[in-house]
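Heads up, the thing below is written out as structure tokens.
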Amino acid sequence: MIEWRPRRLVGVAVTSAAMVGILLIDTTLILSLIDRPTSFTCFLLGFLVFLSLAPLLFLAYRIYQLLTLRYLMDRDSVTIACGGTRQVVPLSNLSSVVAPTGSRGKGLSELPSPKLVWLGCWLGRSQSEDMGPLLFYATEPPKKQLFLVTSSSAYALSPSNPAGFLAALESRRQMGPTVASEEKITYGTLISLPFWRDRLAQLLLALGALANAALFAYLLVRYPTLPRILPLHFTAFGGVDRIAPKEQILRLPTIGLITFIANALLGFALHRREPLATYLLAGTGLLAQFLIAIALLHIIF
């Protein structure tokens, strides 16, 4: 088996620079929170930092994909390794191979590209009228990519030595396959978890997160107008048996956040074996936000 690799330096550098840029923005936002009076502005700044976690994780995974991207060629197939995925393309299934200097209907530079691509990173999926589904596993733009075309899909590659790759590919096609294989894709353990296809579990967790964010937002909107001392606990008969500085009321949505995170992590860990446990934990986390909301309203009003 021969291993071919693409040029990765540009893609990794650009993606890393984007991550650094987001981290610098996050650092600026966090520093701006220091000594700032507690208010709804604090919530917005903190929420922006929270939202930045998604693009940071996405960019980190892109770097992982770029660093692991390679093309493995044996007598029977080309296996594309990218992150946690393995795409097998049998040589017997190839209907044509489009070299970087060739064309097929449209110019290669005019082929539809995936939605999220940038310099040095052409990973993803699109659709072509001529080739059908296009799966991009490349670090070069389409005009420099090599396309393996089958009856069902086309795969865009960018080996650093395309001439050598094509020569090795052609010699193996002429020899013919030794065993029958099928065009297939396999995913790593984390990517293949059934949780990513469970819309109910995802919905319950999303509602819990939104409910907790709403708690923080509402409390911080009202916070500047609250009295300095608040009643925080009541007897069974409605009498006040504990008062404290208003800063302590922030503990309530914080407890809700901790409860949500703990339930979400435990539910994610249990989902593969016990999906029902995930639903119960996510539902409990959501219920906790409503109970805390009732307590907050009782204290404030």
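Please work out which residue is farthest from GLY208 (Cα to Cα), limiting yourself to segment 265-301 and to residues that are among the polar types (S, T, N, Q) and surrounded by 20 or more Cβ atoms within 10 Å (Cβ to Cβ). Even if it seems obvious, please write down each step before you answer.
We begin by selecting, within segment 265-301, every residue among the polar types (S, T, N, Q); these are 278, 284, 289.
Of the ones still in play, those that are also surrounded by 20 or more Cβ atoms within 10 Å (Cβ to Cβ) are 278, 289.
Values: THR278: 13, GLN289: 7 Å.
Per the stated criteria, the residue is THR278.
Out of all the residues in segment 138-146, is one or more of a type in the set (A, V, I, L, M, F, W, C), outside any loop (DSSP other than H, G, I, E, B), in the same structural domain as TYR71 (by TED's automatic domain parsing) and under 29 Å from the mean Cα position of the chain (by Cα)? If you could, list the steps in order and put the result at the bottom.
We begin by selecting, within segment 138-146, every residue of a type in the set (A, V, I, L, M, F, W, C); these are 138, 146.
Still in the running and outside any loop (DSSP other than H, G, I, E, B): 138, 146.
Adding the requirement that they be in the same structural domain as TYR71 (by TED's automatic domain parsing) leaves 138, 146.
Keeping just the survivors that are under 29 Å from the mean Cα position of the chain (by Cα) gives 138, 146.
Yes, segment 138-146 contains at least one residue that is of a type in the set (A, V, I, L, M, F, W, C), outside any loop (DSSP other than H, G, I, E, B), in the same structural domain as TYR71 (by TED's automatic domain parsing) and under 29 Å from the mean Cα position of the chain (by Cα).
Going by the structure shown, is THR41 surrounded by 13 or more Cβ atoms within 10 Å (Cβ to Cβ), closer than 21 Å to LEU210 by Cα, among the hydroxyl-bearing types (Ser, Thr, Tyr) and out of contact with any helix residue (DSSP H, G or I) (no Cβ under 6 Å at 6 or more places or on another chain)? Outline the logic, then answer.
On the way: surrounded by 13 or more Cβ atoms within 10 Å (Cβ to Cβ): yes; closer than 21 Å to LEU210 by Cα: yes; among the hydroxyl-bearing types (Ser, Thr, Tyr): yes; out of contact with any helix residue (DSSP H, G or I) (no Cβ under 6 Å at 6 or more places or on another chain): yes.
Here the answer is yes, as THR41 does meet what is asked.
Hey, can you tell me all the residues within segment 53-86 that are surrounded by 16 or more Cβ atoms within 10 Å (Cβ to Cβ) and small (Gly, Ala, Ser)? Before you say what the answer is, go through the steps one by one.
In the first step, residues of segment 53-86 are kept if they are surrounded by 16 or more Cβ atoms within 10 Å (Cβ to Cβ); the result is 59, 62-63, 65-66, 69-71, 73, 76-85.
Across segment 53-86, the qualifying residues are SER77, ALA81, GLY83, GLY84.
Identify the single condition in (1) surrounded by fewer than 14 Cβ atoms within 10 Å (Cβ to Cβ); (2) among the small types (Gly, Ala, Ser); (3) farther than 30 Å from LEU276 by Cβ; (4) modelled with pLDDT of 90 or more that ALA236 does not satisfy, given that it satisfies every other one.
Tallying (1) surrounded by fewer than 14 Cβ atoms within 10 Å (Cβ to Cβ); (2) among the small types (Gly, Ala, Ser); (3) farther than 30 Å from LEU276 by Cβ; (4) modelled with pLDDT of 90 or more, ALA236 fails exactly one: (4).
Restricting to segment 116-137, give me the number of residues that are without any contact (Cβ under 8 Å) to a residue 40 or more places away in the chain, part of a loop (DSSP other than H, G, I, E, B) and not hydrophobic (A, V, I, L, M, F, W, C).
Residues that pass the stated criteria total 2.
Report yes if ALA180 is among the small types (Gly, Ala, Ser) and touching a helix residue (DSSP H, G or I) at 6+ places or on another chain (Cβ under 8 Å), otherwise no.
In short, yes.
Which one of these is in a helix (DSSP H, G or I), assigned by TED's automatic domain parsing to the domain that holds SER181 and at pLDDT below 90: SER109, SER96, SER152, SER113?
Working: SER96 fails: in a helix (DSSP H, G or I); SER152 fails: in a helix (DSSP H, G or I); SER113 fails: in a helix (DSSP H, G or I).
After ruling out the rest, the residue left standing is SER109.
The values are calculated or read from the model by the stated rules, or taken from the named source; none is laboratory data. This one's a predicted model, so the numbers in the text were calculated from it and none came from an experiment. Note that each Cβ is placed from the backbone with ideal geometry, even for glycine, and that neighbours are counted across all protein chains shown.
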